[in-house]
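Data block below; observations after.
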Amino acid sequence: MLRWRARAHRALAALLRLILRVEVEGLESIPREGPVIFAANHLSSLDLPLFLSVARRPDFTGIMGAEVLAKPGRLRLIPLFCDIIFAPRGQRDLVLQDAARALARGDLIGILPEGACSRTGSMGRAYTGVARLSAHSGVPVLAGAWHGQERLWANLRRFRRTAVHIRIGPTLTLRASTDAEAQAETDRLMRAVAGLLPPEYRGLYG
């Protein structure tokens, strides 16, 4: 399955190159194997395929809100590219257990802590699950940021390729022994993400 997914990721990258010009800084920060948590800002439904196309990690597991299950058309192709943990509201502990098991087998876990695409392009308040997962598993969080993909549909109407910029790093180990600490550590992570973005995207963390 992993070999097939690696091929699928390469095909996805080739497809995206038809509509995107992607510049990546810090790609070497993503380890080629072993557990790691990746966290970034959430701009577009293109965020997941964009990361899969550059990360070179077929053992990727993403976390998505369970409301996506109400849109089954979006889910048909996902198993070709990655595993997904669905996160129902109010089931935080169960989701953390599933994510910890994925990390224990050496997966790269991808989390977009804001939980929903930004409607303004700037960063909004993040949930604390990423800090709790890092604290529970002992696995560090690799901060990343991207921008440009939110202009894709407007550019397609003009038959233009869209410039997308991705920056990866630094890595942080987060603590979450109390709710207050989980919030403070989440804010620290999101400020690191914001520091990788132009000022107009930083929102609450600028």
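Assigned to a helix (DSSP H, G or I), touching a residue at least 24 places away in the same chain (Cβ under 8 Å) and within 14 Å of the chain's Cα centre (by Cα): is that true of L43 in this structure? Spelling it out, it is not the case that L43 is assigned to a helix (DSSP H, G or I), touching a residue at least 24 places away in the same chain (Cβ under 8 Å) and within 14 Å of the chain's Cα centre (by Cα). For R160, the criteria (1) part of a loop (DSSP other than H, G, I, E, B); (2) touching a helix residue (DSSP H, G or I) at 6+ places or on another chain (Cβ under 7 Å); (3) at pLDDT 95 or above hold in every case but one, which is (2). Could you grab me the full set of residues in segment 87-115 that are more than 14 Å from A131 (Cβ to Cβ), among the aliphatic types (A, V, I, L, M) and in a strand (DSSP E or B)? Hits for segment 87-115 are A87, L108. Which of (1) under 18 Å from A39 (Cα atoms); (2) surrounded by fewer than 15 Cβ atoms within 10 Å (Cβ to Cβ); (3) modelled with pLDDT of 95 or more is the odd one out, the single condition W146 does not satisfy? Going through (1) under 18 Å from A39 (Cα atoms); (2) surrounded by fewer than 15 Cβ atoms within 10 Å (Cβ to Cβ); (3) modelled with pLDDT of 95 or more one by one, W146 breaks only (2). The C-beta contact set for segment 187-206 (first residue more than 13 Å from G121 (Cα to Cα), second residue among the aromatic types (F, W, Y), distance under 6 angstrom, 6+ apart or interchain) comprises M190/Y205; R191/Y205.
For residues in segment 115-139 being in contact with a Leu (Cβ under 8 Å, 6 or more places away or on another chain) and surrounded by fewer than 18 Cβ atoms within 10 Å (Cβ to Cβ), which is nearest to E181 (Cα to Cα)? Only one residue tops the list, namely H136.
Search segment 159-186 for residues being exposed (fewer than 14 other Cβ atoms within 10 Å of the Cβ) and without any contact (Cβ under 8 Å) to a residue 24 or more places away in the chain, and hand back the single one that is nearest to W146 (Cα to Cα). Out of the qualifying residues, it is R160. Could you say whether any residue in segment 132-151 is touching an Asp or Glu at 6+ places or on another chain (Cβ under 7 Å) and assigned to a loop (DSSP other than H, G, I, E, B)? No: segment 132-151 contains no residue that is touching an Asp or Glu at 6+ places or on another chain (Cβ under 7 Å) and assigned to a loop (DSSP other than H, G, I, E, B). Quick check: anything in segment 175-185 touching a Pro at 6+ places or on another chain (Cβ under 6 Å) and either assigned to a helix (DSSP H, G or I) or not hydroxyl-bearing (S, T, Y) (or both)? There is no residue in segment 175-185 that is touching a Pro at 6+ places or on another chain (Cβ under 6 Å) and either assigned to a helix (DSSP H, G or I) or not hydroxyl-bearing (S, T, Y) (or both).
Picking from residues in segment 49-68 that are under 13 Å from I85 (Cβ atoms) and of a type in the set (A, V, I, L, M, F, W, C), the one that is modelled with the lowest pLDDT is V68.
The values are calculated or read from the model by the stated rules, or taken from the named source; none is laboratory data. What you see is a predicted model, and the numbers here were worked out from it, not measured in a lab. With ideal geometry, Cβ positions are generated from the backbone for all residues, glycine too; neighbour counts draw on all protein chains shown.
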